[in-house]
Amino acid sequence: MKLKNAYLLGGLISLFLMGSFVFAEDDFPSQPLTMLIGFNPGGSTDVQGQVLAEVLSEQLGQPVNIIYHPGAGGGAAAAMLASNTEQGYVFQYGLSLPFVFAPLVSPASYELNSFRYVAGISLDQSAIVTGPDKPFNTWQELIDYARENPGLTYATQVILDHFVINHISEIEELSLRIAPTTGGADMASLIISGNADFAISGGTHASYTDSGQMVVLASLSDERLVYYPEVPTLRELGYDISMHAIRVIAVPANTPDEHVRVLSEALEAVTHDPRFIHVTEERIKQPVIFMNSEELHTLFARQVEEYKQLIADSVK
């Protein structure tokens, strides 16, 4: 009888341990996470991402490590993420453009539906900027000077801004040299040194405008930039084009609902944290927002259709 009870007790303990193991496996996150950033260190995404990783690790109770995988304006990191099988333990932070635009204009190993979009947490303030000691300080002065001096150098970061500047060049009949960069830090060095005449900036310019090392010429967003309200948008300047980007967290499409929910709730808490608000609104001068997965899905579906039309119009 005692032997039988011993077997019974052993079986119950085994079942308990098995149940605890299953629970631990489902208790996301139960191990460190990895944040992919698709640009080199030093730009605005990195500055913001470092604070995001710190606060997010506190919310999740696990370390959040950063891996930089620059290339194609975030597209190289997106391609890496699309094939990842770790169900939310690896995620990408950065611009929405690699997801909504890049696959439309260049061969890619992923598409919009290769990912789940967990949350949007800040509104990108993309701008066209120039450096100190240039003979132009407004958009029209730049256009006039570029017409008289063919071969100005434009520093590009992402596929869409390259597309935008080519579109403008055709309208204005400009001849430009295009200099690809791997992020805001690379762009900043070219602009400040004078090796590039003007450039796209997703937010890095905020660290240089007060000192006069950069001048904002135009907003690439649908609206005027929150912290540079005197600067016109491209649409106001007569170009029917924009780069309305959101900084988002994306995970592979196979990530379970529960993992997405946990990440989303943690990220919403991050947007209320004073450290994240400070680095976003004071250092890189972007509005803090929170958009959930459903809101992002609706926005991105609409943007894809708008970009498809833009591409179609450009080849007519």
- Look at the stretch 99-124 and say how many of its residues are under 21 Å from Ala53 (Cα atoms) and either of a type in the set (Lys, Arg) or out of contact with any His (no Cβ under 7 Å at 6 or more places or on another chain) (or both). 9
- Considering the stretch 249-279 alone, what residues qualify as being assigned to a helix (DSSP H, G or I) and touching a strand residue (DSSP E or B) at 6+ places or on another chain (Cβ under 8 Å)? His259, Val260, Leu263, Ser264, Leu267, Glu268, Val270, Phe276, Ile277
- All positions within the stretch 18-37 that are at pLDDT below 95 and of a type in the set (Gly, Ala, Ser): Gly19, Ser20, Ala24
- Query: Is there a residue being in a loop (DSSP other than H, G, I, E, B), free of Cβ contacts under 8 Å to residues at least 60 places away in the same chain, of a type outside the set (Lys, Arg) and not assigned by TED's automatic domain parsing to the domain that holds Thr45 anywhere in the stretch 184-199?
  - Reply: yes
- Message: Tell me yes or no: at least one residue of the stretch 229-248 is modelled with pLDDT under 90, out of contact with any helix residue (DSSP H, G or I) (no Cβ under 9 Å at 6 or more places or on another chain), part of a loop (DSSP other than H, G, I, E, B) and surrounded by fewer than 19 Cβ atoms within 10 Å (Cβ to Cβ).
- Response: no
- Task: Please verify whether the stretch 170-177 includes one or more residues that are of a type in the set (Lys, Arg) and assigned to a strand (DSSP E or B).
- Result: yes
- Tabulated pairs, the stretch 247-258, first in contact (Cβ under 8 Å) with a residue 60 or more places away in the chain, second of a type in the set (S, T, N, Q) and not in a loop (DSSP other than H, G, I, E, B), C-beta under 6 angstrom, 6+ apart or interchain: Arg247/Ser122; Ala250/Gln92; Ala253/Ser114
- Only one residue in Glu306, Glu282 is closer than 25 Å to His205 by Cβ, assigned to a helix (DSSP H, G or I), without any contact (Cβ under 8 Å) to a residue 24 or more places away in the chain and outside the structural domain of Tyr208 (by TED's automatic domain parsing), so which one is that? Glu282
- What is the residue count in the stretch 227-264 for residues that are charged (D, E, K, R) and either under 22 Å from Gly49 (Cα atoms) or in the same structural domain as Leu112 (by TED's automatic domain parsing) (or both)? 4
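Rundown of residues vs (1) of a type outside the set (A, V, I, L, M); (2) at positive phi, yes/no style:
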site: Gly131; (1), (2): yes, no
site: Phe136; (1), (2): yes, no
site: Glu141; (1), (2): yes, no
site: Thr156; (1), (2): yes, no
site: Asp186; (1), (2): yes, no
site: Ile191; (1), (2): no, no
site: Gly194; (1), (2): yes, yes
site: Phe198; (1), (2): yes, no
- Message: For the stretch 210-228, give me each residue that is among the polar types (S, T, N, Q), touching a residue at least 60 places away in the same chain (Cβ under 8 Å) and outside any strand (DSSP E or B).
- Response: Gln213, Ser221
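Condition check ((1) under 13 Å from the mean Cα position of the chain (by Cα); (2) under 17 Å from Leu160 (Cβ atoms); (3) not polar (S, T, N, Q)) across all residues:
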site: Phe28; (1), (2), (3): no, no, yes
site: Gly43; (1), (2), (3): yes, yes, yes
site: Pro70; (1), (2), (3): yes, yes, yes
site: Thr85; (1), (2), (3): no, no, no
- Residue satisfying all of: in the stretch 185-228; among the β-branched types (Val, Ile, Thr), in contact with a helix residue (DSSP H, G or I) (Cβ under 9 Å, 6 or more places away or on another chain) and under 15 Å from Asn137 (Cβ atoms); surrounded by the most Cβ atoms within 10 Å (Cβ to Cβ) among these: Ile191
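The values are calculated or read from the model by the stated rules, or taken from the named source; none is laboratory data. What you are looking at is a predicted structure, and each value in this text was computed from that prediction instead of being measured. Cβ coordinates were reconstructed from backbone atoms using ideal geometry, including for glycine residues, and neighbour counts include every protein chain displayed.
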